[in-house]
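Comments concern the structure below.
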Amino acid sequence: MAEDSSQYHFTASMDSGKTLCSLLKAIQFQESAVFCALPEGLKLTVEEGKCVQASAYIPADNFTEYHVRDDVDVIFKISLAVLAECLNIFGSGEEASLKMYYKCEGSPLLLVLQPQSFRNVMTDCEIWSQTPDSMLELRSPEETDVAKLVVRAGALLAVLGDVERSADVLELRLQPEPPHFTIVTYGMQDRSCIEVPECSDTLQSFSCERELTLKYQLHHLRLCMKALAISNKVVLRCSSTGLLLLQLKLERDDNKHMFSEFYIVPLLDD
Amino acid sequence: MKFRAVMNNSSPIREFSTIVSTISKLSKECVLRIADDMLYFIVSDENTGPAPPVLWCEIPQSVFFSEYQLVGMDETHQDIYLGLNSGNLARSFVSLKNVKSLKMKLTKKQCPCLTLEIEVPSTTSHQTRQIVHDIPVAVVPWKNWPDFYEPRVPDPDISIELPSLKQLRTTIDRMRTMASEVMVRASAGGQLILQIRADMAKVSTRFKDLNVAHFDGPVDNSDPETDSQGNEDSSEIVQCRVDAKKLALFLNVDHISTNTTLCSIVHKRLVTLCLQTDDNVKLQCFISGIVY
């Protein structure tokens, strides 16, 4: 690996791949992800049945070294399960430094991992890259937000955990008047309702132009529970078409941030 | 036929119990061979039936027992071989926390049994309580003894000291989720390399600066399967492909506090893990190579 990094389309290194690994596991509900290295950061995206699109975004400042050639697109499909397993090769108790190399289109993604506490061990991984599938454009650029909420991630996780498992539909009711934020679930035999008052510390900020009632598959929302568990803050945005966007922020000890994003398509009224 | 042995000290009892519980994790059934100077635990591969053992553990009796009496089958067959369920034996040791003494003997109850009499001090008085475990055993007729003789293995091409077993096991466990077979490579230069080829990836973990106890090179690596990495001479690399699950299973032995653990490889045929404790207990696992 002594070659000059400029002949690689993408190189990056970080002191510990642990946070990255847990972020990737949080969106690992599909076998493969689209790996996209942008000049400002690394993004991995997965889709579930054209209804949910989840991405992990790691801004470049999380890496000690980050380099993408500006004359090429670095985008390919990769096995997310294998990538997460490789990052965890020394076990979850071990912090291991990580280097990534990607030479050119069609070449494998190379990882070099070295644990911080044992210097005499090293792991090389070559993960094959594939041609990426086209991703859904769920939100058109001219679409605007009609409601925006900032919620503590732990609180939203608790709410989703409390919701009856057998329910399949989750309804979000947002209105400028109290009660501002209500979550209703419909199950086989029951209907449950959770009201979150604006003054609670769960809700850090709330803005909503008009009254909204939006329905989602509960299963789709539950996909972001793993990400909620490792994040600090979540921003919920509802667009005029009812598309729900959850933006989750994971704050690391060193004041660096990583993000995950979930786009969830609404259920239409029948 | 007669066997009676007593352990009086809590530290050998504890060590003996660790060994037994480790063996019970590796296999349901085992054979206990009682000889004049040694106890042996022998495990054969459960799938292939009576075949050369895959696990061979020898325990010098004098280190553990303060009394040891053995009368074999007859003049020419002085040992006793007992087939038993290793889980039963391991469970009998679970109740032991603070043991005063442990007596082990061969008894005839409804069926032949290995009887453990355990003496436990009472917390409230000076009296002791006694716990008795009868473990049914099958006495192996001497005709079948050769099935449990120490496996004759070819001389290894290399013997290399293993890194921390715990660390090794974590890595193997991760690799096991991606591939069923793992290539174990050791070089005369002191590197141990574990490598897998999965559908979507190739992963290799290398441990450096390990002691090489013995190297019998050069090795013939002329076939195309060997892709030598780095600048190491391929004739100095001994390799063998093994079942990842078996390797992971045998690495469970990390509970036994060991003095040395060695990995010996017969090129493309056999990987032997051998660990030796301070008390000269020796445990060897034989993992045969997979050849296409």
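The values are calculated or read from the model by the stated rules, or taken from the named source; none is laboratory data. Bear in mind that the values here come from a model prediction, so they are computed numbers and not experimental data. A quick note on method: Cβ atoms are made from the backbone with ideal geometry, for glycine too, and the neighbour counts reach across all protein chains shown.
Descriptive notes on the structure:
- Subset of region A:196-223 (residues that are assigned to a strand (DSSP E or B) and either touching a His at 6+ places or on another chain (Cβ under 9 Å) or within 15 Å of A:Val159 (Cβ to Cβ) (or both)): A:Val196, A:Leu203, A:Gln204, A:Phe206, A:Cys208, A:Tyr216
- Filtered residue count, region B:265-288, keeping only those that are at negative phi and part of a loop (DSSP other than H, G, I, E, B): 6
- Residue check for A:Thr123: among the hydroxyl-bearing types (Ser, Thr, Tyr), within 14 Å of another protein chain (Cβ to nearest Cβ) and assigned to a strand (DSSP E or B): yes
- Here region B:64-76 is the region considered, the condition is being surrounded by 14 or more Cβ atoms within 10 Å (Cβ to Cβ) and part of a loop (DSSP other than H, G, I, E, B), and the residue that is modelled with the lowest pLDDT is B:Met73.
- So A:Glu47, is it facing chain B (nearest Cβ under 10 Å), of a type outside the set (Lys, Arg) and either without any contact (Cβ under 8 Å) to a residue 40 or more places away in the chain or farther than 26 Å from A:Asp253 by Cα (or both): no
- Test: residue in region B:209-232 that is at the interface with chain A (Cβ under 9 Å from one of its Cβ atoms) and at pLDDT 90 or above: yes
- Taking region A:79-106 as the range and being within 7 Å of chain B (Cβ to nearest Cβ) and either without any contact (Cβ under 8 Å) to a residue 40 or more places away in the chain or over 22 Å from the mean Cα position of the chain (by Cα) (or both) as the test, the residues that pass are A:Glu85, A:Ile89, A:Phe90, A:Gly91.
- Failed condition for A:Arg165, given (1) of a type in the set (Lys, Arg); (2) closer than 30 Å to B:Arg197 by Cα; (3) assigned to a loop (DSSP other than H, G, I, E, B); (4) not assigned by TED's automatic domain parsing to the domain that holds A:Ser22: (2)
- Just so you know, in region A:54-73 the residues that are of a type in the set (A, V, I, L, M) and surrounded by fewer than 20 Cβ atoms within 10 Å (Cβ to Cβ) include one that is nearest to the other protein chains (Cβ to nearest Cβ), and it is A:Val72.
- Test: residue in region A:63-81 that is part of a loop (DSSP other than H, G, I, E, B) and among the small types (Gly, Ala, Ser): no
- Some residue of region B:90-109 being assigned by TED's automatic domain parsing to the domain that holds B:Lys28 and under 22 Å from B:Leu273 (Cβ atoms): yes
- Qualifying residue in region B:162-175 (condition: more than 14 Å from every other protein chain (Cβ to nearest Cβ) and either in contact (Cβ under 8 Å) with a residue 24 or more places away in the chain or of a type in the set (A, V, I, L, M) (or both)): no
- Count of residues meeting criterion [in a loop (DSSP other than H, G, I, E, B) and either crowded, with 21+ Cβ neighbours inside 10 Å or in contact (Cβ under 8 Å) with a residue 40 or more places away in the chain (or both)] in region A:224-267: 10
- Boolean, A:Ser117 is small (Gly, Ala, Ser), within 20 Å of B:Met200 (Cα to Cα) and facing chain B (nearest Cβ under 10 Å): no
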